[in-house]
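Bear in mind these aren't lab numbers, they're just calculated from the coordinates by the rules spelled out. Note that this is a predicted model, so its numbers are computed, not measured. A quick note on method: Cβ atoms are made from the backbone with ideal geometry, for glycine too, and the neighbour counts reach across all protein chains shown.
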Amino acid sequence: MTAAGSAQIIGDGERIVVSGDWILEHAAALAARLPEIKRRAGHAFALDAHALGRLDTAGASLLLDLADGDSARISGLEPAAKSMLGVVAGALAAHARKKAPRDLGLLGSVAHVGEALETFWRNLIALVGFVGVVLSALARSALLPKRWRVTSTFFHIEQTGFNALPIVALLCFLVGAVVAFLGATVLKEFGASVYTVELVGYSFLREFGVLLTAIMVAGRSGSAFTAQIGSMKAREEVDAIRTLGLDPINVLVLPRVLALMVSMPILTLVGMLAGIVGGGAVCALALDISPQMFITRLHETTTVRHFWVGMAKAPIFAFLIASIGCLEGFKVSGSAESVGTHTTSSVVQAIFVVILVDALAAIFFMELNL
Amino acid sequence: MNAAEPIIRIRGLRNQFGTQVVHENLDLEVRRGEIIGVVGGSGSGKSVLLRSIIGLGRPAAGSITLLGEEVTTLSEARRGAIERRCGVLFQNGALFSSLTVAENVSVPLIEHHALDAAMIERLAAIKVALAGLPPEAGAKYPSELSGGMVKRAALARALALDPDILFLDEPTAGLDPIGASAFDQLILTLRDSLGLTVFLITHDLDTLYAICDRVAVLAQKRILVVDSLDVVERYDDAWVQQYFQGPRGRAAQRAVAAQPARQPHPATGP
């Protein structure tokens, strides 16, 4: 191996001798020294490349730079080096293009806000459209038992329902305990600690049971739907389904939507029970409210309508989460990054929509005095 | 390194997965500056051979000398230095889908060389142009490219570090005949202008006839024969005969015979 590439000025700047290896390894060092050499040399210098060692595309690019792009000014090149210079000069000529300047100022941020709003609006329209497509497919296949995909549906019930039971139960148990602690702390001041039972009962039956389950399911199953359908989309499997005369909505979406609509009420029930057990445990351990007393009081004060208010929301949330998950999956295009982007978007949208609908439902039920 | 010394030398290579032996006592030498084509039936272990040479799979036995160094026993650091002198074009391109073509090409440059951003951008643009892509392709993502452009973009990335050896795994698979023939010519041009050695796995007989200086036949777990095409296609073996004398083989021969003979490469010609 010969020495690192170098360039030396001969005489008073009419000739520059290049020597050594002009290769990528030495490119950084050469690039740093070249402007200085170019400045010190005269304008019409000639390049002497007799002592040139190895030359690769990086070196050739630097050499052309030194010669102001004019390879005729370089003498003493070997044929191989000459062809290398020719190829690189051709490639550089093809590259002569201007980059569009990026605007990062006020205008850019205003445009960004506009884009975000437009995306939000388009997502909303797409979701409403997709919900319509799913509902009509559901109605059509409901009349044709042959088209029901029972195996697939049960598979997804297992995946999204039974496999999620432990984590949903644990989460609700812990939040139930926390709610009971909070209630006990505040209510003790009024000597009304016993109302902790109602607090836990109402909150879990009406809101927390279904809401916590929905958030868990959105993160766990909604994202899985997006990733599954998204990677199928990226590998053209969805197109293959279509060309085989099958409807992707029927094959991919309906089993998932139906499965989640079955799983979610079960999970919600478990979540409600776990939350109440969590609250009951705190009552027994910290408030001297025995489990018997807890259950009796729950019986006396809490009517079953609270349970139905919570449970009625479960299939609706399930439908929304599954629809958003599948829709985002279909939006995936090509790259692996796109799968990631849409999975994130699926979870964020699902949780947002669930909380929004829950808030609307709370007002609705309040107006109905339920 | 001595110019006459083979750039890749494989001796007694043995590869196996569990009890299934893929290669047994495989020998192969690749000369500097040649384009060598490796052919073999599906499942004969062509890709396994390629992966062994570039260090993605560790052979069970045997020695592989790459650029004068025994790679099977080399330390991590020395191995990395050797790997940087090899460019690999994977069968499906294996471009990073979250990066643009130009960024794909820049990745190894940024990782291995302390160059400034403008220099890297310029080098990446040169590689993109060398691979025969239009300048605007540099800003595109792999998912926006056609199959032929993906191959060219992957070739640009393989060339990023100015490798001595270029490994190509089925470069023309999935391309239309015009695109495939253009890609063949591109490889030939790059070999001649950049002084590359090209190790090529292919099923494409047209590629073999058009650009390969020598052809190695991988069958019966070893290299059956390695020589120029006219010797290989007369080799007395049922599989080789079927491969080259089958209906597709003759079609490719006729096509080449109809064209004027290509100038042999000075380093490897007779």
In percent, how large is the relative contact order of region A:246-331, given Cα pairs closer than 8 Å and 6 or more residues apart? 52 percent
When B:Ser44, A:Ser75 are ordered from fewest to most other Cβ atoms inside 10 Å of their Cβ, what list results? A:Ser75, B:Ser44
More than 39 angstrom separation, counting every C-alpha pair in the protein assembly as shown; what % is that? 54 percent
Compute log10 of I(q)/I(0) for region B:39-176 with the Debye formula, placing one identical point scatterer on every Cα and leaving out solvent, at q = 0.22 Å⁻¹, to two decimals. -1.31
Can you work out the FRET efficiency for the pair B:Gln91 and B:Ala114, with r the C-beta to C-beta distance and R0 = 41 Å, to the nearest 0.05? 0.80
Please rank B:Leu26, A:Leu64, A:Leu143, fewest neighbouring Cβ atoms within 10 Å first, as an exposure proxy. A:Leu143, A:Leu64, B:Leu26
Report the gain in length on full extension from A:Thr296 to A:Ala312: 0.36 nm times residue separation, minus Cα-Cα distance, nm rounded to one decimal. 3.2 nm
Cut-off 18 Å, label 7 Å out along Cα→Cβ of B:Arg11, residues of region B:47-84 by amide N: B:53, B:59-74
GNM, chain B, Cα, under 10 Å: largest mean-square fluctuation among B:Val48, B:Val88, B:Val39? B:Val48
Return the whole-Å distance between the Cα centroid of region A:243-272 and the Cα centroid of region B:30-61. 47 Å
Most exposed first by the Cβ proxy, i.e. fewest other Cβ within 10 Å, how do A:Lys146, A:Lys188 rank? A:Lys146, A:Lys188
Taking R0 as 35 Å and r as the Cβ-Cβ distance between B:Ile178 and A:Val131, the FRET efficiency 1/(1 + (r/R0)^6), rounded to the nearest 0.05, comes to 0.15
Relative packing of A:115-122, A:80-87, which averages over residues the other C-beta atoms within 10 Å, highest first: A:80-87, A:115-122
Assuming 0.36 nm per residue, please report the length gained on full extension of the stretch A:Ala116 to A:His50 beyond their Cα-Cα distance. 17.8 nm
Could you check what % of the DSSP bridge pairs in chain A are antiparallel, to the nearest 5? 35 percent
Extension gain from A:Leu182 to A:Lys146, taking 0.36 nm per residue of separation minus the Cα-Cα distance: 7.7 nm
Volume per residue that the Cα convex hull of chain B spans, once the total is divided by residue count, Å³: 141 Å³
Working only with C-alpha atoms, what are the Rg and Dmax values of region A:179-236, expressed in angstrom? 19.7, 65
Using helices alone, what [θ] at 222 nm do you get for chain A, with -39,500 (n - 2.57) per DSSP H run of 4 or more residues, divided over all residues and rounded to the nearest 500? -23500 deg cm²/dmol
Peptide B:129-140, shielding by other chains (average Cβ, 10 Å cutoff): 3
Restricting to DSSP H runs of at least four residues, report the calculated mean residue ellipticity at 222 nm for chain B, -39500 (n - 2.57) per run over all residues, nearest 500 deg cm²/dmol. -11500 deg cm²/dmol
What's the center-to-center distance, using Cα atoms, between region B:171-244 and region A:172-221 in Å? 72 Å
Using alpha-carbon coordinates alone, the radius of gyration and Dmax of region A:77-232 in Å work out to 29.6, 99
Inter-chain Cβ neighbour average for residues B:118-128, partner chain, 10 Å: 5
Quick one: work out the % antiparallel among DSSP beta bridges in chain B, nearest 5. 55 percent
Binned at 20 Å from zero, the C-alpha pair distances of chain A give percents of 22, 30, 21, 19, 9, 0
